[in-house]
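The values are calculated or read from the model by the stated rules, or taken from the named source; none is laboratory data. Worth saying up front: this structure is predicted, and the values here are computed from it rather than measured. Virtual Cβ from ideal backbone geometry, glycine too; neighbours counted across all protein chains shown. For the accessible areas, the whole protein counts, side chains as well, though only heavy atoms, and no ligand, DNA or RNA atoms are used. Shrake-Rupley method; radii C 1.70, N 1.55, O 1.52, S 1.80 Å.
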Amino acid sequence: QAVVTQEPSLTVSPGGTVTLTCGSSTGAVTSTHYPHWFQQKPGQVPRTLIFDTNNKHSWTPARFSGSLLGGKAALTLSGAQPEDEAEYYCLLSYNGAYAFGAGTKVTVL
Amino acid sequence: EVHLVESGGGLVQPGASLRLSCAASGLAVSNSNMIWVRQVPGKGPEWVSLMYVGGATYYADSVKGRFTLSRDNSKNTLYLQMNSLRPEDTALYHCVSVYGGSYWGQGTLVTVFS
């Protein structure tokens, strides 16, 4: 089964911008992988931020956006807030399977 | 508003069986691609199984042949039958809709102890 890759950790300054990426061992990530992005804080259930590449739920802060970038799915956080410090996971759909990335720990410092 | 409520977890010995349920409201499980995800505390989530809208089911290699996914449209409920449980199946199990949005249930804890 496919392996999904994410940066293990990233640091962003308060008010700054950071981009997380999500790659696939099978090749370029496209919209047909229906990329999802989840935020998870300690002790909480993951919360969906982005689905199907760039769609937001009603609860998704406007500072988060999803896209495809250089053959990967990307989550961009613009104007980071202290409460954005969390683990972020991407999820990709394959024909007859899904796969999560190992997560990116984002530190706001 | 969408709600997914899992139940059926418990403490069992290796080789035992459990059936997890995922009761949905605010969406129809028959009209959503639904997955089960498990997560060990401190680790990342792991995809376990998938049911497409059309009813086709798929499983991660780690559970293939032991877990079976089904749904009851009249009850708007998804089920995960887990047989031949192993200690490595210990985790919090969530059902997640992944069709036109993504919603998570709170999860049900499965503990397989030897």
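Given the criteria farther than 15 Å from residue A:6 by Cβ and without any contact (Cβ under 8 Å) to a residue 12 or more places away in the chain, does residue A:58 qualify? I'd like the intermediate steps shown before the answer.
Details: farther than 15 Å from residue A:6 by Cβ: yes; without any contact (Cβ under 8 Å) to a residue 12 or more places away in the chain: yes.
Taking the combined requirement at face value, the residue satisfies it.
How many of the residues in segment A:76-105 are within 14 Å of another protein chain (Cβ to nearest Cβ), among the aliphatic types (A, V, I, L, M) and open to solvent by less than 10 Å² (accessible area, probe 1.4 Å)? Steps first, please.
Initially, segment A:76-105 is screened for residues within 14 Å of another protein chain (Cβ to nearest Cβ), giving A:86-105.
This time we only want the ones that are among the aliphatic types (A, V, I, L, M), so: A:86, A:91-92, A:97, A:99, A:102.
Imposing the further condition that a residue be open to solvent by less than 10 Å² (accessible area, probe 1.4 Å) reduces the set to A:86, A:91-92.
Residues that pass the stated criteria total 3.
Of the conditions (1) in contact with a Leu (Cβ under 8 Å, 6 or more places away or on another chain); (2) within 20 Å of residue B:58 (Cβ to Cβ); (3) not in a strand (DSSP E or B), residue B:35 satisfies every one except a single condition; which number is it?
Result: residue B:35 passes all but (3).
Condition check: buried (at least 17 other Cβ atoms within 10 Å of the Cβ) and under 26 Å from residue B:94 (Cα atoms). Does residue A:31 satisfy that?
Values: buried (at least 17 other Cβ atoms within 10 Å of the Cβ): no; under 26 Å from residue B:94 (Cα atoms): yes.
So residue A:31 does not fit the description; no.
Quickly run through segment B:27-64 and pick out the residues that are in contact (Cβ under 8 Å) with a residue 40 or more places away in the chain and not aliphatic (A, V, I, L, M). Spell out how you get there, then give the answer.
At the first step, the residues of segment B:27-64 found to be in contact (Cβ under 8 Å) with a residue 40 or more places away in the chain are B:27-41, B:45-46, B:48, B:53.
Of everything in segment B:27-64, those that are in contact (Cβ under 8 Å) with a residue 40 or more places away in the chain and not aliphatic (A, V, I, L, M) turn out to be B:30, B:31, B:32, B:33, B:36, B:38, B:39, B:41, B:45, B:46.
Only residues that are under 13 Å from the mean Cα position of the chain (by Cα) and hydrophobic (A, V, I, L, M, F, W, C): list them for segment A:54-98, please.
Across segment A:54-98, the qualifying residues are A:64, A:68, A:69, A:73, A:74, A:75, A:77, A:86, A:90, A:91, A:92.
Where in segment A:1-70 are there strands (runs of 3 or more DSSP E), lying wholly inside it, with at least 2 residues that are over 28 Å from residue B:59 (Cα atoms)? Even if it seems obvious, please write down each step before you answer.
Details: elements: A:4-6, A:9-12, A:17-24, A:36-40, A:47-51, A:64-69.
Answer list for segment A:1-70: A:9-12, A:17-24, A:64-69.
Filter segment A:45-72 down to the residues that are within 14 Å of chain B (Cβ to nearest Cβ) and in contact with a helix residue (DSSP H, G or I) (Cβ under 8 Å, 6 or more places away or on another chain), then identify the one that is most open to solvent (accessible area, probe 1.4 Å).
Once the filter is applied, the top-ranked residue is A:52.
Failed condition for residue B:30, given (1) within 14 Å of chain A (Cβ to nearest Cβ); (2) open to solvent by 30 Å² or more (accessible area, probe 1.4 Å); (3) modelled with pLDDT under 95, with all others met?
Checking residue B:30 against (1) within 14 Å of chain A (Cβ to nearest Cβ); (2) open to solvent by 30 Å² or more (accessible area, probe 1.4 Å); (3) modelled with pLDDT under 95, the one that fails is (1).
Out of the strands (runs of 3 or more DSSP E) lying entirely within segment B:52-114, which hold 3 or more residues that are open to solvent by 10 Å² or more (accessible area, probe 1.4 Å), touching a strand residue (DSSP E or B) at 6+ places or on another chain (Cβ under 7 Å) and within 10 Å of chain A (Cβ to nearest Cβ)?
Values: elements: B:57-59, B:67-72, B:77-82, B:91-98, B:102-104, B:108-112.
Hits in segment B:52-114: B:57-59.
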